[in-house]
Amino acid sequence: MDWGTELWDQCDIIEKHTQSGLELVEKYVKFVKERTEIEQNYAKQLRNLSKKYNVKRSSKEEPECRLSSYQSFLDILNEMNDYAGQRELIAENMMMSICIDLTKYLQELKQERKTYLMEAKKAQQSLESTYKQLESSKKRFEREWREAERAAQNAEKTDQDINATKADVEKAKQQAHMRAHVAEECKNDYAAQLQKFNKEQNQFYFQDMPLIFNKLQDLDERRVQKLGRGYILFSDTEKHVMPIISKCLEGITKAGTNVNEKNDSMVVVEQNKSGFERPGDVEFEDYSQGINRTSSESSLGAPKGPMDLLGRNRSKNFWLFSKRSKLSPSTLSPYSSPPAPSPANGPPSPKFGRDPLSYCLKEINKTVKPRISSFRTLRRSPTVTEDFTHLPPEQRRKRLQQKLEEICKELQKEVDQSEALEKMKDVYEKNPQMGDPASLASQISQTSQNIERLRGDVKKYETWLSEAGGRGETPHYRPHTFNNGAQETQSPDGAHSDESTPDSSQAIYAEFDDDFEDEEVAAPIGKCTAMYNFPGASEGTISMQEGEELAVIEEDKGDGWTRVRRSNGDEGYIPTSYVTISLNK
């Protein structure tokens with residue numbers, strides 16, 4: 001049904017309806033904008049929440065970080081961060097595909113509607129102008145016709161008057177004839193204006209206005225159709241990211257299933273196992289047999305004696321679980337000599353014969369109490385040593401092994417830097433225009449000193465680790481240095497072996513070009529599999545297809561991007577939430 005046919009007389013209604021439709025579009029755009037603001041604020045709050053509870057880089061070495069429950073919590077925070085990114089993506093897509101698009105389309109509709117209403121107004125004004133001309137010609141015809149009738153009556157009256165002269169009669173007849181002629185002309189003009197108005201009115205109601213109304217109908221239908229698509233986009237925008245959101249939720253579920261209480265218990269044992277043996281039974285000291293009490297008192301310093309028990313159980317909690325620092329093993333060594341006997345170790349009192357057991361307990365308490373206070377003082381201020389002897393044996397061995405690995409990594413960096421400096425020096429010597437070899441002397445000297453210092457530390461910690469019962473395995477590093485084309489190989493224990501390289505200058509030039517543009521290719525730290533397609537249109541990114549496997553070069557730094565490499569050597573960044581990552585252990 002066409003508006004031009006059915007609503008030919010409802011111009012005001014059509015104008016009001018189309019205006020109401022445009023206002024509805026504006027209202028929907030405003031609604032979506034407020035929804036995007038809510039999504040952005042929600043995503044911002046989620047990111048702040050994840051950042052608030054996420055562990056700092058300096059705290060990643062804490063013992064709790066090795067627990068599966070702690071790692072799962074960090075995974076949940078990372079998944080929440082990715083989830084926040086998807087909420088931001090929803091807000092961005094809604095703003096682009098709905099708000100901006102509908103706003104632009106709304107402006108076009110407003111301009112088009114304005115044009116149609118202007119055409120309708122112009123046609124109506126033209127019809128009204130023609131109608132005014134018709135009314136004017138009609139009134140003129142009516143006026144002239146009445147004047148002609150009066151002139152005719154006057155001429156007839158003059159002709160019948162016997163006193164009127166022939167000239168008066170002739171004048172009256174001429175006047176009547178002239179008035180009749182003017183009235184006839186006005187009649188013809190009125191007829192022409194009437195015909196013109198009817199023609200224009202017919203064109204106005206059957207052609208012009210129906211055409212304009214139909215155009216307005218088409219405009220309104222297109223508006224409704226566009227608005228309907230906007231309603232669908234409101235849902236599809238969120239549906240598009242639902243698979244990734246589901247992956248985030250699945251990651252949270254997986255983090256919960258990865259919690260292993262048995263493994264956490266083993267980690268606690270491994271981190272806190274002291275290596276000490278449990279204390280033995282306290283021997284009964286029979287003073288009635290005259291046993292020398294000096295040997296009994298000597299046992300107070302041993303881990304199996306009563307001193308160890310009383311020292312640990314003096315409060316309600318064992319000292320191992322208190323907030324005080326652990327006692328230095330060097331100060332509580334099982335082989336340490338006992339303190340000097342107190343005056344309480346003199347001859348038995350006369351009460352000994354009456355109650356020997358109570359007397360023994362009192363004497364033991366007199367001897368033990370002063371030592372407990374002195375041990376407590378030592379625990380408040382433990383002595384931290386470089387060889388970690390202030391730790392229990394098991395923890396000492398682990399700390400020594402960890403420290404040795406750190407030193408070896410630092411040594412490897414210094415060795416690599418030394419290699420690079422030697423290569424650069426050799427290139428400078430063969431190509432003086434590229435640089436002065438003497439400018440590298442200070443750096444080479446400093447690096448050599450660092451290497452020697454670190455090698456000494458390696459040997460020192462290897463010795464301590466061997467004493468602590470460790471296997472003494474040193475992490476491998478490449479201790480190669482270059483000196484004028486000769487390659488010197490040095491093992492971790494300081495032994496040297498010279499190997500001649502057939503053409504070191506060619507090897508150097510093969511790795512370093514004239515402009516130092518070639519960089520060492522970073523070794524992959526893991527691999528990842530694409531869950532979705534990614535176009536990689538922006539600068540610095542790389543495209544990928546669903547199911548494609550890529551090598552991970554650099555982990556996500558918290559900005560939602562991971563650096564990867566293809567098998568053909570292409571590198572770039574991809575969204576972390578688009579892939580599943582498996583890092584090398």
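For segment 435-447, the tally of residues that are assigned to a helix (DSSP H, G or I) and either open to solvent by 50 Å² or more (accessible area, probe 1.4 Å) or among the aromatic types (Phe, Trp, Tyr) (or both) stands at 7. Within the option set 165, 115, 130, 158, being under 30 Å from residue 33 (Cβ atoms) and either within 60 Å of the chain's Cα centre (by Cα) or hydroxyl-bearing (Ser, Thr, Tyr) (or both) holds for one residue only, 115. Residue count for segment 228-243, restricted to those that are open to solvent by less than 10 Å² (accessible area, probe 1.4 Å) and either in contact with an Asp or Glu (Cβ under 9 Å, 6 or more places away or on another chain) or modelled with pLDDT of 95 or more (or both): 1. Residues that are touching a residue at least 24 places away in the same chain (Cβ under 8 Å), surrounded by 17 or more Cβ atoms within 10 Å (Cβ to Cβ) and among the aromatic types (Phe, Trp, Tyr) number at least 1 in the following strands (runs of 3 or more DSSP E) confined to segment 520-585: 571-575. Against the condition touching a helix residue (DSSP H, G or I) at 6+ places or on another chain (Cβ under 7 Å), among the hydrophobic types (A, V, I, L, M, F, W, C) and either without any contact (Cβ under 8 Å) to a residue 12 or more places away in the chain or more than 30 Å from residue 399 (Cβ to Cβ) (or both), how does residue 252 come out, does it pass? Considered against the rule, which asks whether it is touching a helix residue (DSSP H, G or I) at 6+ places or on another chain (Cβ under 7 Å), among the hydrophobic types (A, V, I, L, M, F, W, C) and either without any contact (Cβ under 8 Å) to a residue 12 or more places away in the chain or more than 30 Å from residue 399 (Cβ to Cβ) (or both), residue 252 comes out as yes. Take the conditions within 30 Å of residue 73 (Cβ to Cβ) and exposed (fewer than 15 other Cβ atoms within 10 Å of the Cβ) and apply them to residue 250. Does it pass? Taking the combined requirement at face value, the residue satisfies it.
Looking only at segment 23-48, residues that are touching an Asp or Glu at 6+ places or on another chain (Cβ under 9 Å) and open to solvent by less than 80 Å² (accessible area, probe 1.4 Å) come to 4 in all. Name every residue in segment 154-184 that is exposed (fewer than 13 other Cβ atoms within 10 Å of the Cβ) and part of a helix (DSSP H, G or I), in order of residue number. Within segment 154-184, 157, 160, 166, 167, 174, 181 qualify.
Residues satisfying the criterion are present in segment 121-128 (criterion: over 30 Å from residue 187 (Cα atoms), modelled with pLDDT of 90 or more and not hydrophobic (A, V, I, L, M, F, W, C)).
Of the numbered criteria (1) under 23 Å from the mean Cα position of the chain (by Cα); (2) farther than 30 Å from residue 426 by Cβ; (3) at pLDDT 90 or above, the one residue 547 fails is (1). Every listed requirement among (1) modelled with pLDDT of 80 or more; (2) more than 41 Å from the chain's Cα centre (by Cα); (3) open to solvent by 60 Å² or more (accessible area, probe 1.4 Å) is met by residue 409 save one, (2). Looking only at segment 28-87, count how many residues are of a type in the set (Gly, Ala, Ser) and in contact with a Lys or Arg (Cβ under 6 Å, 6 or more places away or on another chain). The qualifying residues number 2.
Selection over segment 158-188 of residues that are touching a Ser or Thr at 6+ places or on another chain (Cβ under 9 Å), among the charged types (D, E, K, R) and farther than 22 Å from residue 146 by Cβ gives a count of 1.
It is to be established whether one or more residues within segment 138-153 are within 30 Å of residue 200 (Cβ to Cβ), in contact with a Phe, Trp or Tyr (Cβ under 6 Å, 6 or more places away or on another chain) and either open to solvent by less than 80 Å² (accessible area, probe 1.4 Å) or not polar (S, T, N, Q) (or both). Checked segment 138-153: at least one residue is within 30 Å of residue 200 (Cβ to Cβ), in contact with a Phe, Trp or Tyr (Cβ under 6 Å, 6 or more places away or on another chain) and either open to solvent by less than 80 Å² (accessible area, probe 1.4 Å) or not polar (S, T, N, Q) (or both). Answer yes or no: is there a residue in segment 104-111 that is farther than 30 Å from residue 8 by Cα and part of a helix (DSSP H, G or I). Checking segment 104-111: at least one residue is farther than 30 Å from residue 8 by Cα and part of a helix (DSSP H, G or I).
Pairs are defined by a Cβ separation below 7 Å, a sequence spacing of at least 6 or placement on different chains, a first member in segment 267-287 that is touching a residue at least 24 places away in the same chain (Cβ under 8 Å), and a second member that is in a loop (DSSP other than H, G, I, E, B) and hydrophobic (A, V, I, L, M, F, W, C); the pairs so defined are 267/67; 285/291. Applying the criterion of being open to solvent by 50 Å² or more (accessible area, probe 1.4 Å) and in contact (Cβ under 8 Å) with a residue 12 or more places away in the chain to the residues of segment 1-18, the residue that is nearest to residue 232 (Cα to Cα) is 17. The number of residues in segment 62-75 being farther than 18 Å from residue 561 by Cα, part of a helix (DSSP H, G or I) and not hydroxyl-bearing (Ser, Thr, Tyr) comes to 6. In this structure, does residue 508 turn out to be at pLDDT below 50, assigned to a helix (DSSP H, G or I) and surrounded by 17 or more Cβ atoms within 10 Å (Cβ to Cβ)? Judged against the criteria, residue 508 is a match. The residues in segment 54-106 that are open to solvent by 70 Å² or more (accessible area, probe 1.4 Å) and either at pLDDT below 90 or over 27 Å from residue 38 (Cβ atoms) (or both) can be counted, and the count is 11.
The values are calculated or read from the model by the stated rules, or taken from the named source; none is laboratory data. From a predicted model like this one, the values you see are computed outputs, not experimental measurements. Backbone-built Cβ (ideal geometry, glycine too); neighbour counts: all protein chains shown. What goes into the accessible areas is simple: the full protein's heavy atoms, side chains included, and nothing from ligands, DNA or RNA. Shrake-Rupley method; radii C 1.70, N 1.55, O 1.52, S 1.80 Å.
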